[in-house]
Amino acid sequence: GKLQTSLYISTETNDWYSMVVDWAQNEANKALMSKLNEEIWKGEGADTSTTTKKKIYGIKAASTAFAAIAQVKKANYADVIFNAVEQIINAGYSANVALVSPAVYFVLASLKNDSGSYILDRQTDLLCSKNGQVRIIKAPELTGNEIEVMDTNCAKPYAGNSFEFEAVRDADYDRYKFFFRIAAQNKIKTDWKKGLVYVSDAATAVTALTEV
């Protein structure tokens, strides 16, 4: 895939052209990296057509759906993550990260065990279970009660080392239009999708896990 951003620059800046280009590159880098993070999460890339193959493959669309393995008493958001970890392990992969929305992170950071200790180590953001540690990452790209538990080896994003730069003269408005483009993609093989588990609503998942 290729990401693009653009901005207009007045020709009155000609005397400082190189300085303006440097400034524009810095601004473009911020915009493109922000867009890349968004696309890595919810990009529409897919193997279904020539058009979709050119788009960035998003983790959300590629993931395996959450499925309750076993019910527990008084299930909570941590149990949802533990269940997703078990799904990934059963598929032959090893979960090491859980991306969570800001709302889910707040709940996780508030949970305590029967001894009154916080379940989440708030110094390291590590959540410990019988299957090892999972690092919790608060990701603003996730909204509502979304959670993504993953083996980070199953999604490999990359971006080009340099920008493609193009300046187009717009004589009618006495300005330039600067275009900045960068090649980027997120490699997710078909079998790797088993190492990615998406929870669309943690609250609904808790209900599915709670023993009645």
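Bear in mind that the values in this text are calculations on the coordinates, not laboratory data. Predicted model, so just to flag it, every value in this text is computed and none were measured. Note that we place each Cβ from the backbone using ideal geometry, even for glycine, and neighbour counts take in every protein chain shown.
A simple count of charges around Ser101, restricted to other residues whose Cβ falls under 10 Å of its Cβ and scoring Lys, Arg +1 and Asp, Glu -1, yields -2. Here the Karplus curve 6.51 cos²θ - 1.76 cosθ + 1.60, taken at θ = phi - 60°, turns the phi angles of segment 133-145 into couplings of 9, 10, 7, 8, 10, 6, 10, x, 5, 8, 10, x, 10 Hz, with x standing for Gly and Pro.
Here the translational diffusion coefficient of segment 1-65 follows from Stokes-Einstein with Rh set to the Kirkwood radius across Cα pairs; for 25 °C and 0.890 mPa s it amounts to 176 µm²/s. Close amide-amide hydrogen proximity is noted between Tyr57 and Gly45, Asn186, each under 5 Å apart and 5 or more residues distant or on a separate chain (H modeled in the peptide plane; Pro and chain starts excluded).
Exposure here means at most 14 other Cβ atoms within 10 Å; with trypsin sites (Lys or Arg not before Pro) in a DSSP loop as sites, the longest stretch of the chain lacking them is 131-188. The length gained on full extension between Asp47 and Asn131, counted as 0.36 nm times the residue separation minus their Cα-Cα distance, comes to 26.9 nm. Applying both filters, DSSP loop and at most 13 other Cβ atoms within 10 Å, to the chymotrypsin sites (Phe, Trp or Tyr not before Pro) of segment 1-90 eliminates every site. Compare Ala184, Ala159, Ala98 in a GNM of the chain, Cα atoms joined below 10 Å, and give the one with the largest fluctuation. It is Ala159. Using a Gaussian network model of the chain in which every pair of alpha carbons under 10 angstrom is joined by a spring, one finds that among Thr13, Thr143, Thr64 the greatest mean-square fluctuation is at Thr13. Net charge in the neighbourhood of Lys55 (other residues with Cβ under 14 Å of its Cβ; Lys, Arg +1, Asp, Glu -1) is +3.
Amide hydrogen proximity for Tyr176: with H placed 1.01 Å from N in the peptide plane, the residues at 5 or more positions away or on another chain lying under 5 Å are Ile9, Ser10, Thr11, Asp170. Taking a sphere under 11 Å around the Cβ of Gly92 and counting the other residues whose Cβ falls inside, with K and R at +1 and D and E at -1, yields a net charge of -1. Remark: segment 184-189, residue by residue, has Karplus-estimated 3J(HN,Hα) of 7, 7, 10, 7, 9, 5 Hz, where x stands for each Gly or Pro and the curve is 6.51 cos²θ - 1.76 cosθ + 1.60 at θ = phi - 60°. Per-residue 3J(HN,Hα) values for segment 76-88, derived from phi via the Karplus relation 6.51 cos²θ - 1.76 cosθ + 1.60 with θ = phi - 60°, read 9, 4, 5, 5, 4, 5, 4, 5, 5, 4, 5, 4, 5 Hz in sequence order (x marks Gly and Pro).
Mean sequence separation of contacting Cα pairs (under 8 Å, at least six apart), scaled by the length of segment 71-166, corresponds to a relative contact order of 35 percent. For segment 1-151, the Cα-based Rg and Dmax, in that order, read 20.9, 70 Å.
The relative contact order of the chain comes to 31 percent, based on Cα pairs under 8 Å that sit 6 or more residues apart. Shape verdict for segment 112-155, please, from the Cα gyration tensor: rounded (a/c under 1.5), prolate (a/b greater than b/c) or oblate. Oblate, because a/c is 1.5 or more while a/b does not exceed b/c.
The lysines within cross-link reach of Lys60, meaning a Cα-to-Cα straight distance under 25 Å and a gap of 8 or more places when in the same chain, are Lys2, Lys30, Lys35, Lys42, Lys138, Lys156, Lys187, Lys189, Lys193, Lys194.
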